[in-house]
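The values are calculated or read from the model by the stated rules, or taken from the named source; none is laboratory data. Computed from a prediction, not measured in an experiment: that's the story for all the values here. So basically every Cβ, Gly included, is an ideal-geometry build from the backbone, and we count neighbours across all protein chains shown. What goes into the accessible areas is simple: the full protein's heavy atoms, side chains included, and nothing from ligands, DNA or RNA. Shrake-Rupley method; radii C 1.70, N 1.55, O 1.52, S 1.80 Å.
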Amino acid sequence: MMTEIMHTTWNPTEQILRTRISGVLNQEQVEAWEQSLEQMSRQIPKHLNFTMLVDIQGYEVSEQDKAVHQQQRVVIPTFLARHGFEVGFFRLFEVQNTIPPSPDRARCVAVAHVHHDCNKMALYNQNLGRSNERFFCQLSEAEAWLGEGIF
C-alpha cells in the first residue's frame with residue numbers, strides 16, 4: 001500500500017503554489033489537504049498573480065472510496081475559481097462555474113496538472129489544455145513549463 005502524501009508550499013521567489021496528494025486518502029486527509037491550500041494561499045499577497053502546480057502522481061481514482069474521491073475532485077477547481085482561474089474541470093463535466101473570484105485573494109494565472117497516467121494527461125491536454133492550463137505526466141516538464149512563464 002502506498003503511503004499517503006499531502007502537502008502544499010508557496011515559493012514567493014518563483015510565485016508558484018505547489019500542492020501534492022498521493023495514496024489512498026480518507027475524508028479527514030482531504031479536509032487537511034484543503035486546509036493546507038487555504039493556509040498557504042493566505043501567504044500570497046492579494047495584489048500578486050501566481051501560478052500553481054497540482055501534483056497527483058500516485059493518486060488512483062479506483063483505489064479511493066467513492067465519497068472521498070468526489071470530495072477530493074472538487075477541491076482544486078473550487079480553490080482556483082476563488083482565485084480567479086476556471087479550470088478545465090468545469091468544461092470536462094459541462095458544469096457552469098458559479099464560484100466568483102474572491103476580491104481579497106491573489107489571482108492564479110496558470111496551472112500545471114501532473115499525474116502518472118500519460119495517456120490520460122495527453123487526452124486532457126488535447127481536450128482541455130489551454131495556453132494557461134496544461135497537463136503533464138512528468139513533474140520536471142510541468143516545472144519547466146511554469147518556469148517559462150509564457151501563458
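Across all directions, the average flat footprint of the convex hull enclosing the Cα atoms of the range 1-116 is 7.2 nm². Only the Cβ atoms of Lys and Arg (+1) and of Asp and Glu (-1) were treated as charged; on that basis the dipole of the chain about its Cα centre amounts to roughly 460 debye. With a ≥ b ≥ c taken as the square roots of the eigenvalues of the C-alpha gyration tensor of the range 13-68, please select rounded if a/c is under 1.5 and otherwise prolate if a/b is larger than b/c or oblate if it is not? Prolate is the answer for the range 13-68, as a/c is 1.5 or above and a/b outweighs b/c. Taking 4.7 Å between C-beta atoms as the pairing limit, the chain has these partnerless cysteines: C108.
Take every DSSP beta bridge whose two residues both sit in the chain, then give the antiparallel share in percent to the nearest 5. Can you show the working numbers first?
On the way: 8 of 24 bridges.
Restricted to the chain, the bridges split so that about 35 percent are antiparallel.
Using C-alpha pairs below 8 Å separated by at least 6 residues, the relative contact order for the range 1-107 is 27 percent.
Just to verify a number: FRET efficiency for N119 and R73, C-beta to C-beta distance, R0 = 22 Å, to 0.05? Between N119 and R73 the formula returns 0.70. With protein chains left intact and a 1.4 Å probe, residues in the chain average 53 Å² of accessible area per residue. Calculate for the chain the 222 nm mean residue ellipticity that helices alone would give, adding -39,500 (n - 2.57) per DSSP H run of length 4 or more and normalising by residue count, nearest 500 deg cm²/dmol. When only DSSP H runs of four or more count, the value is -10500 deg cm²/dmol.
Report, please, the projected area of the range 67-150 averaged over directions, based on the convex hull of its C-alpha atoms, in nm². Each step should come with its number before you reach the end.
Numbers: hull surface 24.6 nm².
Convex hull of Cα atoms, orientation-averaged projection: 6.2 nm².
Among rounded, prolate and oblate, which fits the range 42-109 when a ≥ b ≥ c are the square roots of the eigenvalues of its C-alpha gyration tensor, a/c under 1.5 means rounded, and a/b larger than b/c means prolate? Prolate shape, in that a/c is at least 1.5 and a/b is the bigger ratio.
Between the beta carbons of A32 and Q57, assuming R0 = 22 Å, the FRET efficiency works out to 0.70 to the nearest 0.05.
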